[in-house]
Every structure is written in structure tokens, then in C-alpha cells.
1. Among Leu62, Leu175, Leu87, which one moves the most in a GNM of the chain with springs linking Cα atoms closer than 10 Å?
2. Around Gly49, with a cut-off of 10 angstrom between Cβ atoms, what is the net charge of the other residues, counting Lys and Arg +1 and Asp and Glu -1?
3. Give the carbon-plus-sulfur fraction of the accessible surface of segment 6-92 in %, rounded to a whole number; probe 1.4 Å, heavy atoms of protein chains only.
4. Net charge around Ile141, counting only other residues with Cβ within less than 10 Å of its Cβ (Lys, Arg = +1; Asp, Glu = -1)?
5. Can you give me the solvent accessible area of Leu8 with a 1.4 Å probe, rounded to the nearest 10 Å²?
6. With a Förster radius of 41 Å, plug the Cβ-Cβ distance of Gln120 and Arg32 into 1/(1 + (r/R0)^6) and report the FRET value to the nearest 0.05.
7. Cross-link candidates for Lys162: which aspartates and glutamates have Cα within less than 15 Å, leaving aside residues fewer than 8 places away along the same chain?
8. Anyone know which of Glu16, Glu146, Glu174 comes out most mobile in the 10 Å Cα GNM of the chain?
Amino acid sequence: MEKTIGVLAVQGAFAEHADSLNKLNVKSIEIRQKSDLTKHHIDGIILPGGESTVMAKLLHDLNLFEVLKDSIVSGLPVLGTCAGLILLAKTIVSDQNVYLGTMDIVAKRNAYGRQLGSFQADGQFAGIGKIPMTFIRAPYIESVSENVEVLAKIDNHIVAAKQDNMIVTSFHPELSGDLSVHRFFLNLV
Ligand code: GLN
């Protein structure tokens, strides 16, 4: 059966994820309000990059927060990129805030500082091989629990990980032109 992937589209780089899915001939729908999640069947969801604080506020304002969290806890496959990773983290370094908090990772926001606000690197991704990675004011994962599989590291920092139905990357796979991370996620769906 044809799969449909929801792309959270309240803020940030959601259009590029929809483009990536389109290139893979996968149907996507933009999730902008609660009814988009309750009235449509989706097989997975992408939480894009953007500004995690703004996205979290909008999730609450739009009444999307609880239904999204419940779906993920119930096993909906999710790919969180950059700010999406921060939304899923159970702990954020030097920050009292926890957003969806469904994944046993410790995320460090803006971890590369100002000088390295944005950069490219080629890195090894488990099960895929070497891929281009685009970082924009990116977080990295400071530590993970033992139930979390580390998928990629750059300079000894974790930049991609998987736990059950959740995959996160601190880079932006939708911006590099390489579709392998999306393909990897679709295998989980
Ligand atoms: N710095 C952003 C945050 O803290 C994440 C950046 C991104 O998603 N490109 O939410």
C-alpha cells in the first residue's frame, strides 16, 4: 500500500523534506493543525529543522502537542532533524525545558557555537555509508541511554541516533541533495 508521511509544517525547513519525499515518490502531507493528524492516516512523520523553542510554542498554541506526543509514544515512526532532534530529546543541556521528550538522548543546543554556525562534513552513517551532512546552528547529542543506537558521529560527537520508532539527525538531510537518510527512515515506516 502507498505510504503517506506527515511533515510538521508549523515553522522551519519543512518544504525541503516534502521535496525529498516527492523525489522518492512518497506522498506527504503538511501537518499544520490538530485535524491534520486526527483526520488523516499517516505512516510516519518528519519533524524538521527550524527553531525548537518557536516550534514547541506553536505545537501548544495549535493544540498539536499532545496528539503528536501520543502518536510517537504509541509507535508512529518519526524522523527528527536538527530542531526536531531537540523536540524529541528527554534532556537538553543547560536548559530546563523538555518538549516532546520521548527519546533517551541528551541534546546540546547550538553545540558548535557561533564561529561554526553552519558547516558541511562527510560522515559515516550506520547502514548507509559515507554521506554529506549539512549543519546549521546544529545541536549534537551529548550522550545516549543504552537502548539508543548511535548512527553517526562527527569529531567524536553523536550526530545521528535511533531508538525504536525514532530516528534523529543533528544535520539537515533534506538540504544535501542526498536522499539516503530519508530512504533509511522510510525503511522503518
Ligand atoms: N538552533 C536551533 C534550535 O535550537 C536548531 C537549528 C536548526 O534546526 N537548523 O532549535
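The values are calculated or read from the model by the stated rules, or taken from the named source; none is laboratory data. Note that the coordinates shown come from a computational prediction; the quantities given were computed from them, not determined experimentally. FYI the Cβ positions are ideal-geometry reconstructions off the backbone, even for glycines, and counts take in every protein chain you see. These area figures cover heavy atoms from the full protein model, side chains too; ligands, DNA and RNA do not enter into them. Shrake-Rupley method; radii C 1.70, N 1.55, O 1.52, S 1.80 Å.
1. Between Leu62, Leu175, Leu87, it is Leu62 that shows the largest mean-square fluctuation.
2. The answer is -2.
3. It is 48 percent, rounded to a whole number.
4. Neighbourhood net charge equals +1.
5. Rounded to the nearest 10, that gives 0 Å².
6. The formula returns an efficiency of 0.85 here.
7. By straight Cα distance, Lys162 reaches Asp104, Glu142, Glu146, Glu149.
8. Of the options given, Glu146 has the highest mean-square fluctuation.
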